[in-house]
Amino acid sequence: MSTGRVAEWHGIEDVRLVEVATPDPGPNDVLLRIGACGICGSDVHRYSEGAWSIPGTRLGHEYSGTVLAVGAEVDGIRTGDRVAVNPARSCGVCPACADGRTNLCAERASEQGGFGDQVLLREARRDEQLFVMPPWMSFEEGAFVEPLAVALRAVRLADLEPADPVVVSGLGTIGQCVVRVLAAHGHSEILGVDTSERRREAAAPVTSATLDPGTTDVFAAVVDRWGSQCSPYQVATGAAAVIECSGAVLALDAALRLVCPGGVLVLAGLCSTPPAVDVNTLVQKEVRLHGSFAYTVEDAREAFALLREACVDVAPLVSHRIFLSEVDRAFRLQRNVADSLKVMVVPDRALGNYP
């Protein structure tokens, strides 16, 4: 019986590579050899705080790879195909799914295990869970389908016109993807906000400007650029929307203050502890507050299309490549926001696009 390794969460700062049996795909399943897997912000919360995890939880949901085996009833996927992955799977029949909101399916599951040698995708369908990559697309670029789909959903829910000024708060992976989606959709007035110089520099090519909230009065800077607006009891900037991607409590407070009367605040970042909300500001400015959770199949399709058509460039976001055998070090690097953007975990034996 063949085996492979997979990273499991066993406690705070305790991620272990364990040997597991190689699964046999059922008739609708596909077995992948992992080509690259990115570390998500939620993975860092798991590693550092134990959020959303129990001992034995398999990790890694931003991945791509090569097809090793295909179930007899899977259409359009062949052994040897290089594929980007949407790891989410929904029931397809509940009210949320019927409404196209597969991200809110009560039976929604995500095929974890991207920090491993191989992973089994159950009930996998081409152009839903699996996207066949063109020869020029790297495994790392393919691994961005999942975070790019998250960003697409946040931008869609903001429901903006290209001329609308937008602040993107938090320039981690999701924030970086949000500014790139906005630019691809024709937005020209985009301000990025983050304390990390490295992350601000990465966002600079696709934003109008970036701001450091640690050294700059962001409110004053935004007023200087886009003017101010007043509701009966509140003064605000001319920002039509703020898309908050950090999950930081202070950033949420700042976002509410920034957004214009009648504007939209989209929350795409998860908080490890429930924050207090300034309801008075929310009410007095009639802010449209919109949560944005994960993504739908349509979001994943568009994310792959943006990558396939080279409408977004995610390759510069990869700051580190760490071998699977050093996965714990990869998590520690990703946690250091001053020095990291996207840490990619890659196979120990170089495959495909790796030297």
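Structure above, values below:
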item	result
Among residues of region 35-70, those that are modelled with pLDDT under 95 and more than 26 Å from ILE12 (Cβ to Cβ), counted	0
Test: VAL145 is in contact with a helix residue (DSSP H, G or I) (Cβ under 6 Å, 6 or more places away or on another chain) and within 23 Å of LEU250 (Cβ to Cβ)	no
Answer residue from region 289-333, given it is touching a helix residue (DSSP H, G or I) at 6+ places or on another chain (Cβ under 9 Å) and among the small types (Gly, Ala, Ser) and is nearest to GLY11 (Cα to Cα) among those	ALA330
Hey, ALA202 at pLDDT 95 or above, among the hydrophobic types (A, V, I, L, M, F, W, C), out of contact with any Lys or Arg (no Cβ under 7 Å at 6 or more places or on another chain) and under 28 Å from LEU148 (Cβ atoms) or not	yes
Qualifying position, being farther than 25 Å from PRO147 by Cβ and in contact (Cβ under 8 Å) with a residue 40 or more places away in the chain, among ALA98, ALA69, ALA88	ALA69
Subset of region 94-121 (residues that are hydrophobic (A, V, I, L, M, F, W, C), out of contact with any helix residue (DSSP H, G or I) (no Cβ under 7 Å at 6 or more places or on another chain) and crowded, with 20+ Cβ neighbours inside 10 Å)	CYS97, VAL119, LEU121
Residue identified as crowded, with 19+ Cβ neighbours inside 10 Å, assigned to a loop (DSSP other than H, G, I, E, B) and modelled with pLDDT of 90 or more among ALA124, ALA163, ALA149, ALA154	ALA124
Single residue of ALA300, ALA330, ALA338, ALA310 found to be in contact (Cβ under 8 Å) with a residue 12 or more places away in the chain, in a loop (DSSP other than H, G, I, E, B) and either of a type in the set (Gly, Ala, Ser) or over 28 Å from GLN118 (Cβ atoms) (or both)	ALA338
Which listed residue is crowded, with 17+ Cβ neighbours inside 10 Å and out of contact with any Phe, Trp or Tyr (no Cβ under 8 Å at 6 or more places or on another chain), from GLU302, GLU326	GLU302
When residues of region 255-306 are limited to those that are under 22 Å from PHE131 (Cβ atoms) and among the charged types (D, E, K, R), the one nearest to the chain's Cα centre (by Cα)	ASP299
Close pairs (6 angstrom Cβ cut-off, 6 or more residues apart or separate chains): modelled with pLDDT of 95 or more and of a type in the set (Gly, Ala, Ser) in region 259-284, assigned to a loop (DSSP other than H, G, I, E, B) and surrounded by fewer than 16 Cβ atoms within 10 Å (Cβ to Cβ) anywhere	none
Subset of region 49-66 (residues that are under 19 Å from the mean Cα position of the chain (by Cα), in a loop (DSSP other than H, G, I, E, B) and in contact (Cβ under 8 Å) with a residue 12 or more places away in the chain)	ALA51, SER53, LEU59, GLY60, HIS61
Boolean, SER90 is over 28 Å from GLU309 (Cα atoms), among the polar types (S, T, N, Q) and surrounded by 17 or more Cβ atoms within 10 Å (Cβ to Cβ)	no
The one condition in (1) touching a residue at least 24 places away in the same chain (Cβ under 8 Å); (2) out of contact with any helix residue (DSSP H, G or I) (no Cβ under 6 Å at 6 or more places or on another chain); (3) under 21 Å from ALA300 (Cα atoms) that ILE174 fails to fulfil	(2)
Hits in region 4-53 - residues which are surrounded by fewer than 14 Cβ atoms within 10 Å (Cβ to Cβ) and touching a Ser or Thr at 6+ places or on another chain (Cβ under 6 Å)	GLU19, ALA21, GLU49
Qualifying residue in region 186-198 (condition: modelled with pLDDT of 95 or more and basic (Lys, Arg))	no
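Residues checked against (1) within 23 Å of the chain's Cα centre (by Cα); (2) closer than 20 Å to ARG288 by Cα; (3) surrounded by fewer than 19 Cβ atoms within 10 Å (Cβ to Cβ):
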| residue | (1), (2), (3) |
| --- | --- |
| ASP194 | yes, no, no |
| ALA221 | no, no, yes |
| VAL235 | no, yes, yes |
| VAL242 | yes, yes, no |
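The values are calculated or read from the model by the stated rules, or taken from the named source; none is laboratory data. This one's a predicted model, so the numbers in the text were calculated from it and none came from an experiment. When we count neighbours, we look across all protein chains shown, and the Cβ atoms used for this are built from the backbone with ideal geometry, even at glycine.
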